[in-house]
Amino acid sequence: MAEAHQAVAFSFQITHEGVQFNYDWEVFSLVWSSGLRSYRKRLARFLNNIRNGVYPSSKEYLFSILTIVIVCHFLLGVDTSFGFINALNKHIVEP
């Protein structure tokens, strides 16, 4: 029973003197670093999925497509959003 009591990392007590919150700093830092490692892996997995899934071609091809879209929009006056931005502004921006 003593081993189970020592395994508790957080203790929270409400007494007539007030609230007492005790925690083991070593266990808290281990939990924090575990969560941080998990989010780093999740971010790396997300970026890897974008890099390998959405844009399987080279970066040069992506930049050339972006350049064509920007030239069409600014120099030729073509609406590259197919009217989606104007429709969105009607619903978001208050008159």
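The values are calculated or read from the model by the stated rules, or taken from the named source; none is laboratory data. Predicted model only: the values in this text are computed from it and were never measured. Virtual Cβ from ideal backbone geometry, glycine too; neighbours counted across all protein chains shown.
In region 28-56, the qualifying residues are those that are under 30 Å from S11 (Cα atoms) and hydrophobic (A, V, I, L, M, F, W, C), and the one that is modelled with the lowest pLDDT is F28.
Filtered by the rule that a residue be within 22 Å of the chain's Cα centre (by Cα) and hydroxyl-bearing (S, T, Y), region 30-59 gives S33, S34, S38, Y39, Y55.
When restricted to residues that are surrounded by 11 or more Cβ atoms within 10 Å (Cβ to Cβ) and either under 25 Å from F82 (Cα atoms) or touching a Lys or Arg at 6+ places or on another chain (Cβ under 8 Å) (or both), region 40-63 contains 3.
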